[in-house]
Amino acid sequence: MSTDTLMNNSTLKQLSEGLARGEYSSVELTEAYLKRIDSTDGDLNAFITVTADQARTQAAAADERRASGQAGPLTGVPIAHKDIFCTQGVRTSCGSKILDNFTAPYESTVTHKLQDAGMVMLGKTNLDEFAMGSSTESSFYGPTRNPWNTEVIPGGSSGGSAAAVASGQAPVATGTDTGGSIRQPAALCNLTGLKPTYGRVSRWGMIAYGSSLDQGGPIARTAEDAALLLNSMAGFDHKDSTSKDIAVPDYTADLDKPLDGLRIGLPKEYFGEGLNSDIAARVQAGVQELEKLGATVKEISLPRTRLSIPAYYIIAPAEASTNLSRFDGVRFGYRCENPTDLLDMYTRTRAEGFGEEVKRRIMVGTYALSAGYYDAYYNKAQQLRRLIKDDFQNAFAEVDVIAGPTTPSPAWKLGAKSNDPVAMYLEDIYTLSVNLAGLPGMSVPCGQVDGLPVGLQLIGNYFAEAQLLNVAHQYQQVTDWHQQTPAFG
Amino acid sequence: MSLDRSEVENIAMLARLKIEEQDVPHYVDALSSILDLVDEMQAIDTQGVTPLANPLDSVQRLRADEVTEDNQREHFQSIAPATDAGLYLVPKVIE
């Protein structure tokens, strides 16, 4: 098999088996992926930093580990990390000028765990600045393009990770999801992405955007690959005060379970006005496949869905405005030239270091938290958040899994929504409420609209990741949407 | 809900963001349109609803007050814009 075929079609699982059988070494595999990145990233801009030397060292170590009989399922398999995870000794930019010179002095828990499992880091992927966006256009390092059509966006904010996996630059990648930033780019790039339950994956070393919403998770070609990665990513971490001390199951154990008797709910609010009718048809066809596998389907209601937009666009900016106050030019990162006094240093460092969307959200958040407005905005949004959570809990009294579209429309052309933040915000309508409620959610490829991939979203109850992965895996046994690859490169 | 110029200038100062004079109208428009988007929540009756700060209603975990980290001052200061004698340097605050 040529290395190109190997990379374009291979899953983590297949590479893991190939390494175990000795068909190739991790060094050979890593070189092949580095070559692929080198020849394609000029067109995609999926990576901010390629860590070729480090990857070669890690690959050689992985091969030694295998030779000594210590290899696990992830050992020697390459991975790309969203450039929001701190990686010791490697630039960690978060897509921002303010961190362009920032070399992380410590390693995030997620990347550390994957490194411990023997994975080889190929580099750090592009994202919307500080993960604030749905298109990966707001990065200081320029936009990432979608390998399915380089004129359109790959989704965001984990768009670099999604474009890298979809184009065969990496077999799997990490992402983070505050309002849809794993699921939406997975949908728009024909990948399988999972946002775990809030507290399932440690946030330590993951640069904070909305701390009560952020979760890291896998972006992969298949549900089985996502399960293999989550096995190593998940778990209690005393360094993250919101980490949950709940045992991590083997997420691959239930993949083959039949779906007989599974109760699926379709929220009527997810199929109404605003949804592209071709996406509706693809999602309905996907749900019918699940019915053929033994699931029962009923309509449910999540009446407060629409309110997730105002609630999210208060809570996330409010948390962002406090989180991003640490970027002040004092201890790390960018500092403006020749400050005249301390205030001048703070205000110019931040004005020059942050991009437009980040400034907008900091200002919205600052306003929502300012004296006299707290009750009308922040407190009100947190009350709506309770109502949104209650809607889901009422639904989960009747069904096991909720299914619907991941996005209302397929990927749009670069620049089409750049000057209209509100139009961009409305694209998150089906994903935001899952973060507000802290539930696990997945996106699974379910077809194409005008040659562009779209996703089926699956939402589970708290800590039901294994069940979501089971449903997605069973779906992928009877469909081949996830196996389709772009003609790119 | 729309903001006026002085409100936007005040928010920018609270957020420690320098906004150029000519960019103020742009921020007035952008922030006003975002606030219009979120204003529909004001119509919802939330009386008596307890705000949800953590999706799992978790409370802060406590631990014993013990030293668990080594001092890594030199390591952390190696990436600082300006340091001297173990201190972070900023422009003069007091004459």
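So here's what we get for this one:
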| read-out | value |
| --- | --- |
| Accessible carbon and sulfur surface of the protein assembly as shown relative to its total accessible area, %, 1.4 Å | 48 |
| Crossing angle, helix B:24-38 versus chain B [Cα axis fit, 0-90 degrees, rounded to tens] | 70 |
| Shielding of A:360-369 by partner chains, average beta-carbon count, 10 Å | 6 |
| Relative contact order (%) - the stretch A:112-196, alpha-carbon pairs under 8 angstrom, separation at least six | 23 |
| FRET efficiency for A:ASP260 and B:GLN42, using Cβ-Cβ distance with R0 set to 60 Å, rounded to 0.05 | 0.80 |
| Ranked order, A:ASP254, B:ASP65, A:ASP41 - accessible area, probe 1.4 Å, largest first | B:ASP65, A:ASP254, A:ASP41 |
| With at most 16 other Cβ atoms within 10 Å, longest stretch of chain B clear of loop trypsin sites (Lys or Arg not before Pro) (DSSP) | B:1-60 |
| Mean residue ellipticity (222 nm) of the protein assembly as shown, computed from DSSP H runs ≥ 4 via -39,500 (n - 2.57), nearest 500 | -11000 deg cm²/dmol |
| Amide H partners (placed H, <5 Å) of A:GLY447, local residues excluded | A:VAL454 |
| Threshold 40 Å² - residues in the stretch B:74-88 whose accessible area is reduced by that much or more when the chain is no longer isolated, probe 1.4 Å | B:HIS75, B:ILE79, B:PRO81, B:TYR88 |
| Anisotropy class of the stretch A:402-489 from Cα gyration tensor, a/c 1.5 cut | oblate |
| With DNA, RNA and ligands ignored, accessible area of A:TYR462 (1.4 Å probe; Å², nearest 10) | 50 |
| Chain A: relative contact order in percent, alpha carbon pairs under 8 Å with at least 6 residues between | 18 |
| Number of partner chain Cβ atoms within 10 Å, mean per residue of B:30-37 | 6 |
| Mean separation of Cα contacts under 8 Å (6+ apart) over length of chain B, as relative contact order % | 21 |
| Backbone HN-Hα couplings from phi across the stretch A:187-201 [Karplus 6.51/-1.76/1.60, Hz, Gly and Pro as x] | 4, 6, 10, 6, 10, 9, x, 10, 9, x, 4, 4, x, 7, 10 |
| Mean accessible surface per residue for the stretch A:232-318, computed with a 1.4 Å probe while every protein chain stays in place, in Å² | 46 |
| Built amide H within the under 5 Å cut-off of A:GLY123, gap 5+ | A:THR51, A:HIS81 |
| Amide H contacts of A:VAL152 (H built 1.01 Å from N, under 5 Å, at least 5 apart or other chain) | A:ASN146, A:LEU414 |
| Point-to-point label distance, A:ALA487-A:ARG326, nm (Cα→Cβ direction, 7 Å offset) | 4.6 |
| Cross-link pairs A:LYS195/A:LYS359; A:LYS35/A:LYS82; A:LYS124/A:LYS239; A:LYS13/A:LYS257; A:LYS413/B:LYS18 - those with Cα-Cα distance over 28 Å | A:LYS413/B:LYS18 |
| Interface residues, the stretch A:410-438 - accessible area loss of 30 Å² or more versus chain alone, probe 1.4 Å | A:VAL422, A:TYR425 |
| Protein accessible surface hidden between B and A, which excludes ligands and nucleic acids, total in Å², probe 1.4 Å | 5300 |
| Distance between the stretch B:1-47 and the stretch A:332-391 - C-alpha centres, whole angstrom | 11 |
| Inter-site label distance for B:ILE94 and B:ASN54 at 7 Å from Cα along Cβ, in nm | 3.9 |
| Accessible area (Å², 1.4 Å probe, nearest 10) - A:PHE102 | 20 |
| Accessible heavy-atom area order of A:LEU74, A:LEU343, highest first, probe of 1.4 Å | A:LEU343, A:LEU74 |
| Antiparallel bridges, percent of DSSP beta bridges restricted to chain A (to nearest 5) | 70 |
| P(r) weight above 47 Å for the protein assembly as shown, C-alpha pairs, percent | 10 |
| Solvent accessible area, Å² - A:LEU293, 1.4 Å probe, full protein context | 40 |
| Where the stretch A:367-477 is the region considered: accessible area per residue in Å², 1.4 Å probe | 27 |
| Karplus-derived 3J(HN,Hα), 6.51/-1.76/1.60, for each residue of the stretch A:325-340, Hz, glycine and proline x | 5, 6, 8, 10, x, 8, 9, 6, x, 5, 10, 5, 6, 6, x, 7 |
| Cα shape, the stretch A:74-218, gyration tensor, a/c 1.5 rule | rounded |
| Shielding score for A:105-115, defined as the mean number of other chain Cβ atoms within 10 Å | 1 |
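The values are calculated or read from the model by the stated rules, or taken from the named source; none is laboratory data. Everything numeric here is computed off the predicted structure, so don't read it as measured data. Cβ atoms come from the backbone with ideal geometry, glycine included; neighbour counts cover every protein chain shown. Areas reflect the complete protein model, heavy atoms only, side chains present, ligands, DNA and RNA absent. Shrake-Rupley method; radii C 1.70, N 1.55, O 1.52, S 1.80 Å.
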